[in-house]
Number of protein chains: 2
Amino acid sequence: MPQISKRGINMPESPIRKLVPYAEEAKRKGRKVYHLNIGQPDIKTPEVAIKAINTYHEKVVEYSHSAGNESYRKKLAKYYQNIHIDISHTEILITTGGSEAITFAFLSCLNPGDEIIIPEPFYANYNGFAVSAGVVVKPITAKIENDFALPPVSEFKKLITQKTKGIVICNPNNPTGYLYTKEELEQLSNLIKEYDLYLFSDEVYREFCYDGNQHFSAMHLKGIEQNVILMDSVSKRYSACGVRIGALITKNKEIINTALKFAQARLSPPSFGQVAGEAALETPPEYFKEVYNEYIERRNYMVEALNKMEGVVCPKPKGAFYTVVKLPIDNSDNFCKWLLSDFEYNNQTVMLAPATGFYSTKGLGMDEVRIAYVLKIEDLKKAMEVLEKALLAYPGRKE
Amino acid sequence: MPQISKRGINMPESPIRKLVPYAEEAKRKGRKVYHLNIGQPDIKTPEVAIKAINTYHEKVVEYSHSAGNESYRKKLAKYYQNIHIDISHTEILITTGGSEAITFAFLSCLNPGDEIIIPEPFYANYNGFAVSAGVVVKPITAKIENDFALPPVSEFKKLITQKTKGIVICNPNNPTGYLYTKEELEQLSNLIKEYDLYLFSDEVYREFCYDGNQHFSAMHLKGIEQNVILMDSVSKRYSACGVRIGALITKNKEIINTALKFAQARLSPPSFGQVAGEAALETPPEYFKEVYNEYIERRNYMVEALNKMEGVVCPKPKGAFYTVVKLPIDNSDNFCKWLLSDFEYNNQTVMLAPATGFYSTKGLGMDEVRIAYVLKIEDLKKAMEVLEKALLAYPGRKE
């Protein structure tokens, strides 16, 4: 039997998926499992998007333009112009989810063996896209005691080698909920300029910025326009993860033209998803206000509840809908597994994501978990109660 | 400004896309352009598929399972069982079009630098997926004088090196319309066994087999079950190219598990597309009969019309809806461009795909074009008339 590929072997398994069999087992035992482990919000997809699908009336579901429907790209360009990102529809490539935008960005800009620096903890699937592209991830550790702010530029410089070709940021951040400030982005910008690197900016949580903080996009940076690749998605903005529509955006024509060749090979992004994505641009402002208020309420409740628990430290996330929390535990993988296999409180338990999966440096994240506040407040309250009891009962508790 | 990646530079541009600006120019001049260049059929998508989308009623468009919805995979397993391919739903991974199935197959099975043998002319995008994966394509030339039958095994053996890891076939074939016989597949099977290679079998045109010829699948081969990866798609079967739903199928658990890791990184295949794909499995048999009759009529008309033209040789395709035709021309790229820029007959012209784009060996396909019979018979008749006039008028005509 021929061998599986090396990258297939090196391809990381999702840190959350490993727990799925244990969650299924818990459910089989009749336990209620509160899912705080995933980025799948319970928020309704805007009705305009569903309606567009329900009234789809083409007779032949044809390939679209490989860069996505022009009508959609033109409206999307307006969406960006409204948030002061000056781009035209020719600078947008519609992708199959944000995932494909990342893949196309890596394939177009990076050679196998090239290095990219990513502040950790980071979205675990960056590892997978890097392995697929043969690219080496060099992590730079952000610290919970600084609320996971951008590590100092001097630390970045220590990691830069001849092979370094880019920096990846996620802003607002998954998994930390940190929102990079304009000043932090300008520090990054200087670094990008000095070493002539690419800046890959994942901004899929752009709409989720709290406490009056404004989102400052990598596309707002002056002087590095040719170095910036924005990776975006409709998944979180419209709670429409399954439509699989994202975008790669850049002012750099060479990158767009190159990415288009990868896009042509796979023919086109999904037609129905594009219809839904285009319609979603007409989502009324009240929708976002409601969603915003919902997340604020959840976050505030959760952060307060967590920080009240003995030995727990939870920074207050300024964006997205995640937080990385420090827990008084020996090993987050074991703890998250134990929650599902051994623990129950009134026949309930919680599923969390061990933070180890979001760190690239071995040994980090052992006393941290990622919590996604994607459950309605009643459930979140119950989940926090369960977590509190669990931390007291966990045999591997550390003070 | 940082450099584009080498694979980005090496990424081939679609041989057809290069002609698009000329087609647009012809249309601006008011010319009717008959598109015989693309695999986008004019056949209606089954109503059951559209209806499923029109009645979609989920409130949140969630991620699906990374391998695709279980209900869909279970029904799809039955579809395969009905055509005597013995697989279960756990051996199916739903992908974003057949394209992603090819990508996952290459990434899971092949290392950068590995070689795959593909009979040429072949589907041009295999080149793109190979470049993305860092895999080297070794072409083996099929000859028009043999109707593009499988080249002799002895020719394959000449190409096999230490780096050869697999053979890719497309059956029925795009671009030639050739349908491999059971005997040819058994010859391949012996080769696969002898050298322990992977057999990547693209069977997206399975339903399009004519003149009483039965499709023999690579999955029907005995003794190489662990070596076969089937790559499939709903695009052609249901004339639903835009839904972007395909499948990777294999009895090899290690490959399925590895491909699943790549699938998890990109989260899930499109939700709406899966709904349409699942519903399409209920397409009534009359639909396929009608489509079949339509293609037979088109093919018969076209083959006869082409072979009547002086200097033209068109094998009779036994499957799919393409044919590669030999024309009395000096250079197929120039000819196809000339058709759009310079030629018109009663203000009409035709767009064809130069066969050079389907050959990996430089210099081949210069006197051949691919014709897709995806137009209704009235248009096909006009297109054939235009082509006949064009061949007489073309300055680069060769006898």
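The values are calculated or read from the model by the stated rules, or taken from the named source; none is laboratory data. Keep in mind it's a predicted model, so treat the numbers as computed, not measured. Cβ atoms come from the backbone with ideal geometry, glycine included; neighbour counts cover every protein chain shown. Only protein heavy atoms, including side chains, enter the accessible area calculation; ligands, DNA and RNA are left aside. Shrake-Rupley method; radii C 1.70, N 1.55, O 1.52, S 1.80 Å.
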- Task: For the range B:218-228, state whether one or more residues are assigned to a loop (DSSP other than H, G, I, E, B) and under 20 Å from B:Lys318 (Cβ atoms).
- Result: yes
- Among the residues of the range B:245-288, which ones are open to solvent by 10 Å² or more (accessible area, probe 1.4 Å), among the hydrophobic types (A, V, I, L, M, F, W, C) and either in a loop (DSSP other than H, G, I, E, B) or closer than 30 Å to A:Ala130 by Cα (or both)? B:Ile256, B:Leu260, B:Leu267, B:Leu281
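Checking the structure you have, find out if any residue of the range B:11-33 is closer than 29 Å to A:Ala133 by Cα, part of a helix (DSSP H, G or I) and open to solvent by 30 Å² or more (accessible area, probe 1.4 Å).
yes
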- Which residue out of B:Ala52, B:Ala26 is of a type in the set (A, V, I, L, M, F, W, C) and touching a strand residue (DSSP E or B) at 6+ places or on another chain (Cβ under 8 Å)? B:Ala26
- Inspect the range B:80-94 for any residue being of a type in the set (S, T, N, Q) and buried (at least 22 other Cβ atoms within 10 Å of the Cβ) and give the result as yes or no. no
- With respect to the numbered conditions (1) in a strand (DSSP E or B); (2) surrounded by fewer than 23 Cβ atoms within 10 Å (Cβ to Cβ), which one is the sole condition not fulfilled by A:Ile116? (2)
- Message: Just the residues that are touching a residue at least 12 places away in the same chain (Cβ under 8 Å), under 18 Å from A:Ile245 (Cα atoms) and at the interface with chain A (Cβ under 7 Å from one of its Cβ atoms), please, taken from the range B:241-260.
- Response: B:Cys241, B:Val243, B:Arg244
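Quick one: would you say A:His215 is open to solvent by 30 Å² or more (accessible area, probe 1.4 Å), at pLDDT 95 or above and under 19 Å from the mean Cα position of the chain (by Cα)? Spell out how you get there, then give the answer.
Details: open to solvent by 30 Å² or more (accessible area, probe 1.4 Å): yes; at pLDDT 95 or above: yes; under 19 Å from the mean Cα position of the chain (by Cα): yes.
Taking the combined requirement at face value, the residue satisfies it.
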- Task: Within the range A:60-79, work out how many residues are small (Gly, Ala, Ser), open to solvent by 30 Å² or more (accessible area, probe 1.4 Å) and either within 23 Å of the chain's Cα centre (by Cα) or facing chain B (nearest Cβ under 10 Å) (or both).
- Result: 0
- Message: Which condition from (1) in contact (Cβ under 8 Å) with a residue 40 or more places away in the chain; (2) part of a loop (DSSP other than H, G, I, E, B); (3) touching a helix residue (DSSP H, G or I) at 6+ places or on another chain (Cβ under 8 Å); (4) open to solvent by 30 Å² or more (accessible area, probe 1.4 Å) is the one that A:Glu399 breaks?
- Response: (3)
- Query: Restricting attention to the range B:340-388, which residues are among the basic types (Lys, Arg) and either outside any loop (DSSP other than H, G, I, E, B) or touching a residue at least 24 places away in the same chain (Cβ under 8 Å) (or both)?
  - Reply: B:Arg370, B:Lys376, B:Lys381, B:Lys382
- Test result for A:Phe122, crowded, with 23+ Cβ neighbours inside 10 Å and hydrophobic (A, V, I, L, M, F, W, C): yes
- Message: Condition (residue is in the same structural domain as B:Tyr180 (by TED's automatic domain parsing), in contact (Cβ under 8 Å) with a residue 40 or more places away in the chain, in contact with a Pro (Cβ under 7 Å, 6 or more places away or on another chain) and among the acidic types (Asp, Glu)) applied to the range B:102-115: is it met by at least one residue?
- Response: no
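Residue-by-condition table, conditions (1) within 13 Å of another protein chain (Cβ to nearest Cβ); (2) at pLDDT 95 or above; (3) part of a strand (DSSP E or B):
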{"site": "B:Gln81", "(1), (2), (3)": "no, yes, no"}
{"site": "B:Ile87", "(1), (2), (3)": "no, yes, no"}
{"site": "B:Asn111", "(1), (2), (3)": "yes, yes, no"}
{"site": "B:Pro139", "(1), (2), (3)": "no, yes, yes"}
{"site": "B:Leu150", "(1), (2), (3)": "no, yes, no"}
{"site": "B:Thr161", "(1), (2), (3)": "no, yes, no"}
- Note on the structure: Only one of B:Ala263, B:Ala276 is over 18 Å from A:Ser99 (Cα atoms) and within 11 Å of chain A (Cβ to nearest Cβ), namely B:Ala276
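Can you pull out every residue in the range A:289-306 that is open to solvent by 70 Å² or more (accessible area, probe 1.4 Å) and touching a Lys or Arg at 6+ places or on another chain (Cβ under 9 Å)? Walk me through it before giving the result.
Taking the range A:289-306 and keeping what is open to solvent by 70 Å² or more (accessible area, probe 1.4 Å), we get A:289-290, A:292-293, A:297, A:301, A:304.
Of everything in the range A:289-306, just one residue is open to solvent by 70 Å² or more (accessible area, probe 1.4 Å) and touching a Lys or Arg at 6+ places or on another chain (Cβ under 9 Å), namely A:Tyr301.
Would you pick out the residues in the range A:174-195 that are part of a loop (DSSP other than H, G, I, E, B) and in contact with a Lys or Arg (Cβ under 9 Å, 6 or more places away or on another chain)?
Hits for the range A:174-195 are A:Asn174, A:Pro175, A:Thr176, A:Gly177, A:Tyr178, A:Leu179.
Every residue in the range B:63-80 that is of a type in the set (A, V, I, L, M) and touching a residue at least 60 places away in the same chain (Cβ under 8 Å), please. I'd like the intermediate steps shown before the answer.
Taking the range B:63-80 as the starting set, the residues that turn out to be of a type in the set (A, V, I, L, M) are B:67, B:76-77.
Those that are of a type in the set (A, V, I, L, M) and touching a residue at least 60 places away in the same chain (Cβ under 8 Å): B:Ala67, B:Leu76.
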- Do we find a residue being in a strand (DSSP E or B) and under 27 Å from the mean Cα position of the chain (by Cα) anywhere in the range B:34-44? yes
- Item | Conditions (1) in contact with an Asp or Glu (Cβ under 9 Å, 6 or more places away or on another chain); (2) assigned to a loop (DSSP other than H, G, I, E, B); (3) within 13 Å of chain A (Cβ to nearest Cβ); number of the one not met by B:Tyr126 | (2)
- Within the range A:1-52, track down each residue that is modelled with pLDDT under 90 and within 7 Å of chain B (Cβ to nearest Cβ). A:Met1, A:Pro2, A:Glu13, A:Ser14, A:Arg17, A:Gln40, A:Asp42
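Residue under question is B:Leu191, and the condition is that it be surrounded by 14 or more Cβ atoms within 10 Å (Cβ to Cβ), farther than 22 Å from A:Gln3 by Cα and in contact with a helix residue (DSSP H, G or I) (Cβ under 9 Å, 6 or more places away or on another chain); does it hold? Walk me through it before giving the result.
Working: surrounded by 14 or more Cβ atoms within 10 Å (Cβ to Cβ): yes; farther than 22 Å from A:Gln3 by Cα: no; in contact with a helix residue (DSSP H, G or I) (Cβ under 9 Å, 6 or more places away or on another chain): yes.
When the stated conditions are applied, B:Leu191 does not pass them.
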- Query: So which pairs qualify, if the first residue must be in the range B:206-234 and away from chain A (no Cβ under 14 Å), the second must be acidic (Asp, Glu) and in a strand (DSSP E or B), the Cβ gap must be under 9 Å, and the two must be at least 6 apart or on different chains?
  - Reply: B:Arg206/B:Asp232; B:Leu230/B:Asp202; B:Asp232/B:Asp202
